[in-house]
1. How about segment 256-278: which of its residues are over 16 Å from the mean Cα position of the chain (by Cα) and part of a helix (DSSP H, G or I)?
2. Scan segment 207-248 for residues that are farther than 20 Å from Leu97 by Cβ, under 23 Å from the mean Cα position of the chain (by Cα) and surrounded by 14 or more Cβ atoms within 10 Å (Cβ to Cβ) and jot them down.
3. Under 8 Å by Cβ, and 6 or more places apart or on different chains, what pairs join a residue from segment 213-236 that is without any contact (Cβ under 8 Å) to a residue 40 or more places away in the chain and in a helix (DSSP H, G or I) with one that is surrounded by 13 or more Cβ atoms within 10 Å (Cβ to Cβ) and among the polar types (S, T, N, Q)?
4. Assuming Gln61 fulfils every condition listed in (1) in contact with a His (Cβ under 6 Å, 6 or more places away or on another chain); (2) part of a helix (DSSP H, G or I) apart from one, which condition is it?
5. If you take the residues in segment 79-111 that are β-branched (Val, Ile, Thr) and under 22 Å from Gln66 (Cα atoms), which one is surrounded by the fewest Cβ atoms within 10 Å (Cβ to Cβ)?
6. All but one of (1) farther than 24 Å from Glu177 by Cβ; (2) part of a helix (DSSP H, G or I) hold for Lys343; which doesn't?
7. Of all residues in segment 282-338, count the ones that are in contact (Cβ under 8 Å) with a residue 24 or more places away in the chain and of a type in the set (S, T, N, Q).
8. Kindly indicate the residue of segment 51-73 that is over 21 Å from Ala88 (Cα atoms), in contact (Cβ under 8 Å) with a residue 24 or more places away in the chain and not acidic (Asp, Glu) and also surrounded by the fewest Cβ atoms within 10 Å (Cβ to Cβ) among those meeting that condition.
Amino acid sequence: MIYGVIMAGGSGTRFWPKSRRKTPKQLLHITGQLSMIQQTFHRLVQRVPVERIHVITNGDQVDGIQRHLPDLPAGNVVVEPCSRNTAACIGLAAARLAKADPDGIMVVLPADSYVDPVADFLKVTDIACQAAAAEGEIVVLGITPTFPSTGYGYIHRGRQISERDGIKVFDVLAFKEKPDLKVAGEFIRSGDYYWNSGSFMWRVSTIMNAFREFMPDLYAALQRIGDAIGTPRETEVIAAEYEKLQNVSIDYGVMEHARSVKVVEASYKWDDVGTWKSMENIFPADAAGNVVDATAELIDTARCTIVGDPGHLIAAIGVSDLVIIQTPDATLICHRDRAQEVKKIVDKLHEKGMDSYL
């Protein structure tokens, strides 16, 4: 059987001031009428029954997720007691599934990626699941790059091993960290690299075996957690074990070490929606290059991203290359090329005890 796992524990601090502790990026309507987690869920439920979809999140977001996904069984919202990155998040989901169906296929998706069209995503996911089931290997979706991004990790592909319905599957030679602009350009020109979408398919047993080989401490903790699941000690054991876990991503912990990984080529439009600047890649701009989701009056204004609440007028004169985000209690103004630094504001507010703005 196929199971869905949505990773929804992120805080989305780069989308402050819209993103807050109880309403992080995945609960915002950034890329359409539905929130980002609703969009992810609606894609996934076309292939996975709702009772086999699990959302991994933190305690602050449980109520919000249940409001956004009312059809999801309450028991399928799994709470991490503290944040320990994607390896632990995926491990917690795998430990729960291993008890019931160790040969089941996990479709692991971030809660907050933009995908279009959905039909292409489903076709690619079908082929990735078939590869994961047939070969018992780790499979990742690789996005065909459209520009030399320095904000994404890359996948270096090897030999092509199959093609079905025009979708190609390759061996993976290596995972590459976020490059500088020169190296990113070399990747693009070679034609042998994909953006790492952070979307994975594998058997439950495959990822558990990978944890055992490459992250033995995590594996041991997951075994103890697995033994406690369904018992009165479940919450206590998960809390105790999680506190000791290494804070590491699945890419660092497993993917960079695994010897047999496949990448399925995905050509649909994709964005990880990492900063407010991502709006430029998703929504059409006006004649001056502005992306506007607000009531706005602009004069001699170019290449700005402007987002505001309904009924609040934002006026700009003679400015360019800005991100302007308005909420009832906070307003952000920054240069578009420094949108990735918004997290610094969040850190400053926390240091100053201004938690009402977080």
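1. Correct list: Lys277 only.
2. Once the filter is applied, which keeps residues that are farther than 20 Å from Leu97 by Cβ, under 23 Å from the mean Cα position of the chain (by Cα) and surrounded by 14 or more Cβ atoms within 10 Å (Cβ to Cβ), segment 207-248 yields Gln246, Val248.
3. Listed by first residue and then by second, the contacts come to Asp217/Gln246.
4. (1)
5. Among those that are β-branched (Val, Ile, Thr) and under 22 Å from Gln66 (Cα atoms), it is Val79.
6. So the condition that Lys343 fails would be (1).
7. Looking only at that region, the number is 4.
8. Checking each candidate, the answer is Gly64.
FYI, it's all coordinate maths here, none of it is from the lab. Just so we're clear, the structure is a prediction, and the values are computed from it rather than from any experiment. Quick reminder, even Gly has a Cβ in these numbers, built from the backbone with ideal geometry, and neighbours come from all protein chains shown.
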